[in-house]
1. Under 7 Å between Cβ atoms, at least 6 apart or on separate chains: pull out the pairs that start in the range 201-222 with a residue that is modelled with pLDDT under 95 and end on any residue that is of a type in the set (Val, Ile, Thr) and in a helix (DSSP H, G or I).
2. Just one of GLY75, GLY108, GLY134, GLY88 is outside the structural domain of ALA244 (by TED's automatic domain parsing), open to solvent by less than 60 Å² (accessible area, probe 1.4 Å) and more than 13 Å from ligand 1 (Cβ to nearest atom); which is it?
3. In the range 151-196, which residues are small (Gly, Ala, Ser), more than 16 Å from ligand 1 (Cβ to nearest atom), closer than 27 Å to ARG106 by Cβ and not in a helix (DSSP H, G or I)?
4. Only one of these is at pLDDT below 95 and closer than 25 Å to GLU241 by Cβ: SER62, SER32. Name it.
5. Can you find a residue in the range 242-249 that is more than 20 Å from VAL107 (Cβ to Cβ), in contact with a helix residue (DSSP H, G or I) (Cβ under 7 Å, 6 or more places away or on another chain), in contact (Cβ under 8 Å) with a residue 24 or more places away in the chain and open to solvent by 10 Å² or more (accessible area, probe 1.4 Å)?
6. Any residue in the range 92-115 that's within 13 Å of ligand 2 (Cβ to nearest atom) and assigned to a loop (DSSP other than H, G, I, E, B): show its pairings with residues that are open to solvent by less than 80 Å² (accessible area, probe 1.4 Å) and of a type in the set (D, E, K, R) at Cβ separation under 9 Å, as long as the two are six or more apart or on different chains.
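The values are calculated or read from the model by the stated rules, or taken from the named source; none is laboratory data. No experiment lies behind these values; they were computed from the predicted model shown. Heads up, the Cβs are rebuilt from the backbone with ideal geometry, glycines too, and the neighbour counts pull from every protein chain shown. For the accessible areas, the whole protein counts, side chains as well, though only heavy atoms, and no ligand, DNA or RNA atoms are used. Shrake-Rupley method; radii C 1.70, N 1.55, O 1.52, S 1.80 Å.
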Amino acid sequence: MLSVVGMNDDAAGPTPSTAPVQLVRADDVTKSYSAGQRRIEILHGVSLDVRAGELCAVMGPSGSGKSTLLYCLAGLEKPTTGSVSLLGEPTHRLSRAAAARMRRTRVGFVFQAYNLVPTLTAYENVALPHRLAGTRPPHEVIMSTLARVGLDRLAQSRPVVMSGGEQQRVALARVMAQRPEVVFADEPTGALDRTTGNTVLDELDRMARGEGRCVLMVTHDPTVAARCDRVLFLRDGYLVEEVARPTAIEVADLLTELTRLDALSGAQGRS
Ligand SMILES: Nc1ncnc2c1ncn2[C@@H]1O[C@H](COP(=O)(O)OP(=O)(O)O)[C@@H](O)[C@H]1O
Ligand SMILES: [Mg+2]
């Protein structure tokens, strides 16, 4: 798997000689927020890595810190302590400009709430990362990317007239057209039916395993997690389990157990 680094058929992608094997790395990452006098600890010493060619999932009960972890890994939030490296570069050492450049071109994020620009059409939203990077994507690239997620007929529509699932697929198409080496996706199939969810998964799978990029996605769906190389389980901000190539049943059992423990500790906390 690790030898599948680079995209031999596309000069725009990572190449075998330059792509580091560990594309994402977290060392002892904590994240806390202050709420009045109190500090709320969200992540507790999370360490992980995601390698080129890997499709990985993060799972855990609601509120366990999955989105916060993705934001910290993607450089959208600063860890309180610990460090994150993206594409071999410790993010805290990057200048603001270099960090912004990396986010625009080499790191893609599919947000849980899609984060489409409401005044732009689907086509313009998909072209946006290119525009921000100062390049003009070929028309065929944008249209074929929209077609891959079944949305070419909505190219000229704005998000307001689209369903949640359609907006979710535009958000994915935006990252696909950007062609970053690292893709973070926060519940990318959350608003989709099984068939369109599978189309989206096929695309994420292709980007990771087919093209030597890496994908780290949050999901609640055991059948989605069962397609991944590794599944990382968070509970209450701790990385408590990591399972390689699990079955959907194994994932469902682990999630049930974590959710049960979560409910138990919540009940103790309240008693
Ligand atoms: N900016 C913030 N300020 C304070 N608390 C936050 C902030 N962002 C997230 N949280 C809290 O952190 C916890 C984890 O949130 P999140 O990472 O969104 O969990 P998940 O994605 O697993 O549902 C939640 O209790 C949430 O309320
Ligand atoms: Mg979340």
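1. Qualifying pairs under 7 Å: none.
2. Details: GLY75 fails: outside the structural domain of ALA244 (by TED's automatic domain parsing); GLY134 fails: open to solvent by less than 60 Å² (accessible area, probe 1.4 Å); GLY88 fails: outside the structural domain of ALA244 (by TED's automatic domain parsing).
Matching residue, one of GLY75, GLY108, GLY134, GLY88: GLY108.
3. Listed by number, the list holds a single entry, ALA155.
4. Only one candidate qualifies: SER62.
5. yes
6. PHE111/ASP186; GLN112/ASP186; GLN112/GLU187; ALA113/ASP186
Okay, residues lined up against (1) of a type in the set (D, E, K, R); (2) in a strand (DSSP E or B); (3) within 16 Å of ligand 2 (Cβ to nearest atom); (4) under 27 Å from THR119 (Cα atoms):
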position	(1), (2), (3), (4)
GLU203	yes, no, no, yes
ALA208	no, no, no, no
VAL251	no, no, no, no
ARG260	yes, no, no, no
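Quick grid of which residues meet (1) closer than 30 Å to VAL84 by Cβ; (2) at pLDDT below 95:
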| site | (1), (2) |
| --- | --- |
| GLN112 | yes, yes |
| THR119 | no, no |
| ALA122 | no, no |
| VAL126 | yes, no |
| ARG131 | yes, yes |
| ARG136 | no, yes |
| ILE142 | no, no |
| THR145 | yes, no |
